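No lab work stands behind these numbers, since they all come straight from the coordinates. A quick note: this is a predicted structure, and the numbers were derived from the prediction, not measured. Counting neighbours? That spans all protein chains shown, and the Cβs are built from the backbone with ideal geometry, glycine included.
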Amino acid sequence: MSHPFLTDPLVRQAYNVAVDRGTIAEQLYGAAGQPTSNFLASPKRFQSPTTHWEFNLEQAGQWLEQAGWKRSRDGVRIKEGRPMKLLYQTSINPVRQKTQALVKKALEQIGVAVELKAVNAGVYFASDPGNPDTAAHFYADMQMYTVSPGAPDPQSHMDQFVSWEIARKANNWAGQNIVRWANAEYDRLWKQAATELDPVRRAALFIRMNDLLIEDVVVIPIVWRNEVVAASHRLRGMELSTWDSNLWDLAYWYRET
């Protein structure tokens, strides 16, 4: 987050409720996605029951007013002579550009001027430390991309927000913490989870980590993407897993006659 106004909790909350997750999920993903308020959405035992999402432009506008951002003649909010304008970037992809358009429309309705930027995916997701357009540099106010756990255990997935993983020039922008957020409680919880053997206590640690991300609006989860697979209704023995190839138990498949 590069602009000072994005450090204001009221402004961050306003942006959070200005994202129409339901419309994005329904119109752009269909059966392949569902709106979510959690960064850590799966497996279920790590899913926080305390978060929620809503789309409420009226509430968003009230929070911006409360934070001192008033509409100017052109409709763009201004505070201390500075207009509320932001740069919102992502990679070039039809669904992402449509998502950008929906978010921009909502933000402009509450008085936020939005400039959209679409970067070639080969550049955006590159590891070139000298390229300012990579996601790791994050030279924008907001950016969007898809990230998913690589395994059922979320330890490595949640290290994207520990302070020692902050992406910066000193580590050639190779750190996992692209948003450059630092929180002592989060760091402590992550380290504790790494050695906690009780599964219930460990799940509670990850749920709290997720809740810290959502409470501070470090990320705005939009869509929990589902894996869509089609198979013959006569096929038996097929056990699908999000964490492995659909063919992992191919040896046990059989066709019902």
task: Name the residue farthest towards the positive end of the dipole of the chain from the options Ser245, Ile178, Ala203, assuming +1 on Cβ of Lys and Arg, -1 on Cβ of Asp and Glu, about the Cα centre.
output: Ile178
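How many percent of DSSP beta bridges within the stretch 4-226 run antiparallel, rounded to 5?
Working: 7 of 18 bridges.
Counting only bridges with both partners in the stretch 4-226, antiparallel ones make up about 40 percent.
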- prompt: Relative contact order for the chain: what is it in percent, counting Cα pairs under 8 Å that are at least 6 residues apart?
  reply: 22 percent
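Hey, which of these cross-link pairs are over 24 Å Cα-Cα: Lys79/Lys104; Lys44/Lys98; Lys70/Lys98?
Working: Lys79/Lys104 20 Å; Lys44/Lys98 29 Å; Lys70/Lys98 28 Å.
Going by Cα-Cα distance, Lys44/Lys98; Lys70/Lys98 fall outside the 24 Å limit.
What order do you get for His233, His52 when you list them from fewest to most C-beta neighbours inside 10 Å?
Working: His233 6, His52 9.
Ordered from fewest to most neighbouring Cβ atoms within 10 Å, His233, His52 come out as His233, His52.
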query: Which residues in the stretch 204-245 place their backbone N less than 13 Å from a point set 7 Å from the Cα of Trp253 along the Cα-to-Cβ direction?
result: 229-241, 245
- prompt: Using alpha carbon centroids, what distance separates the stretch 45-98 and the stretch 115-165, in Å?
  reply: 21 Å
task: Using the Karplus curve 6.51 cos²θ - 1.76 cosθ + 1.60 with θ = phi - 60°, work out ³J(HN,Hα) for each residue of the stretch 195-210 in order, rounded to whole Hz, and write x for Gly and Pro.
output: 10, 6, 9, 6, x, 6, 5, 5, 4, 5, 5, 5, 4, 5, 4, 4
field: Least to most buried among Val95, Val103, Val229 (fewest other Cβ within 10 Å first)
entry: Val229, Val95, Val103
query: For volume of the Cα convex hull per residue in Å³, the listed values are [x] 137; [y] 165; [z] 126; which was obtained by calculation from the structure presented?
result: [y]
message: Just to be sure I understand: with springs between alpha-carbon atoms less than 10 Å apart, which residue in Leu247, Leu235, Leu197 has the highest mean-square fluctuation in the Gaussian network model of the chain?
response: Leu235
field: Simple label model, 7 Å out from Cα along Cβ direction - Ala182 to Arg45, nm
entry: 3.4 nm
field: Dimensions (Å) - the stretch 106-255, Cα atoms, principal axes, largest first
entry: 55, 40, 36
- prompt: Rounded to the nearest 0.05, what FRET efficiency is calculated for Ala113 and Glu239 with R0 set to 45 Å and r the Cβ-Cβ distance?
  reply: 0.35
- prompt: Fewest first, what order do Trp248, Trp224 take by the number of other Cβ atoms within 10 Å?
  reply: Trp248, Trp224
- request: Give the angle, between 0 and 90 degrees and rounded to the nearest 10, that separates the Cα long axis of helix 57-66 from the longest principal axis of the Cα atoms of the chain.
  value: 50 degrees
